[in-house]
Amino acid sequence: MSDRSQTARPSAWRWIAYALTWWVVLLGLWLLFVDSLARPEVLVGLAAAALATLAALGIRARGGVRYHFRWRWLLLLRGVPVDVLRDSWLLAALLWRRIVRGERPAAAFRTVPFPIGGDDPTSAARRAFVVSATSVAPNTYVVRVDRAQGTALIHQLAPDPPDQTRSPLVGMP
């Protein structure tokens, strides 16, 4: 057996394990979401998981995206449950006013400062964390991050007052 085939085998097994892991996890998520084991649902889930797995393999083949998560960032999530409850109540009130009075919400897009950081794995992880954590509460979600300007475009159904000094982004002062 040549040296080349011996070194290629573990890599091939790693790719197979990577693909199977993605496929099984994604299929499991699909089945949890649809809450059905009906044949059509399972077949669509098999196909969707296969397509998503191919996308993951393609990303990995091109070098992937590297993240370096800091566990202390989890402390920034302590205010998120309160934000979710407050925003849920706020949106319920907006819905009630829309149904009862016919009032349209004063939704707005806002640009807020968002220090982007560099292209290193820690900065990439921080951006993904802040965007995801901010978008959990139902009133505010991040539409886009502008790396050149160091800003984030957010959408709010019930906009914060313009003079608010606290950033709506999780973990930002």
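Just so it is clear, none of the values below were taken in a lab; they were calculated from the coordinates. In this text, all values refer to a predicted model and were calculated from it rather than measured experimentally. For neighbour counting, all protein chains shown are included, and Cβ atoms are generated from backbone atoms with ideal geometry for every residue, glycine included.
As a footprinting exposure proxy, order E41, E103 by other Cβ within 10 Å, with the fewest listed first.
Ordered from fewest to most neighbouring Cβ atoms within 10 Å, E41, E103 come out as E103, E41.
With Rg and the Kirkwood Rh both taken from Cα atoms, where does Rg over Rh land for segment 71-156?
The Rg/Rh ratio comes out at 1.07.
Going by C-beta contacts inside 10 Å, put L77, L43, L94 in order with the fewest on the left.
Working: L77 14, L43 10, L94 18.
Fewest-to-most Cβ neighbours within 10 Å comes out as L43, L77, L94.
Which helices pass in the chain if a helix is a full DSSP H run, must span at least 27 angstrom along its long axis by Cα, and must have mean Kyte-Doolittle hydropathy not below -0.5? Spell out each step's value before the answer.
Details: long enough: 3-34 (47 Å, 0.58); 39-61 (33 Å, 1.33); 80-101 (30 Å, 0.67).
Helices meeting the criterion: 3-34, 39-61, 80-101.
Rounded to the nearest angstrom and ordered from largest down, what semi-axes does the equivalent ellipsoid of segment 15-137 get from its C-alpha gyration tensor (root of 5λ)? Can you show the working numbers first?
Working: eigenvalues 227, 138, 37 Å².
Result for segment 15-137: semi-axes of 34, 26, 14 Å.
Enumerate the whole-percent occupancy of each 5 Å bin, from 0 to the last occupied one, for all C-alpha pair distances of segment 3-61.
That works out to 4, 19, 22, 18, 13, 10, 7, 4, 3, 1, in percent per bin.
Using only alpha carbon pairs under 8 Å that are at least six residues apart, calculate the relative contact order of the chain and give it in whole percent.
Details: 172 pairs, mean separation 34.6, N = 173.
Dividing the mean separation by the residue count of the chain yields 20 percent.
Report the charge-dipole magnitude of segment 3-61 in Debye, nearest 20, computed about the Cα centre from +1 at each Lys and Arg Cβ and -1 at each Asp and Glu Cβ.
Working: 5 positive and 3 negative charges, 58 e Å.
In debye, rounded to 20, segment 3-61 gives about 280.
Would you mind ranking R147, R127 by Cβ crowding within 10 Å, fewest neighbours first?
By the 10 Å Cβ count, ascending: R147, R127.
Using 0.36 nm per residue, how much length does the chain from A38 to Q164 gain when fully extended, once their Cα-Cα distance is taken away? Display every interim value, and only then the final one.
Details: separation 126, 0.36 × 126 = 45.36 nm, distance 5.05 nm.
That pair, A38 and Q164, stretches by 40.3 nm at full extension.
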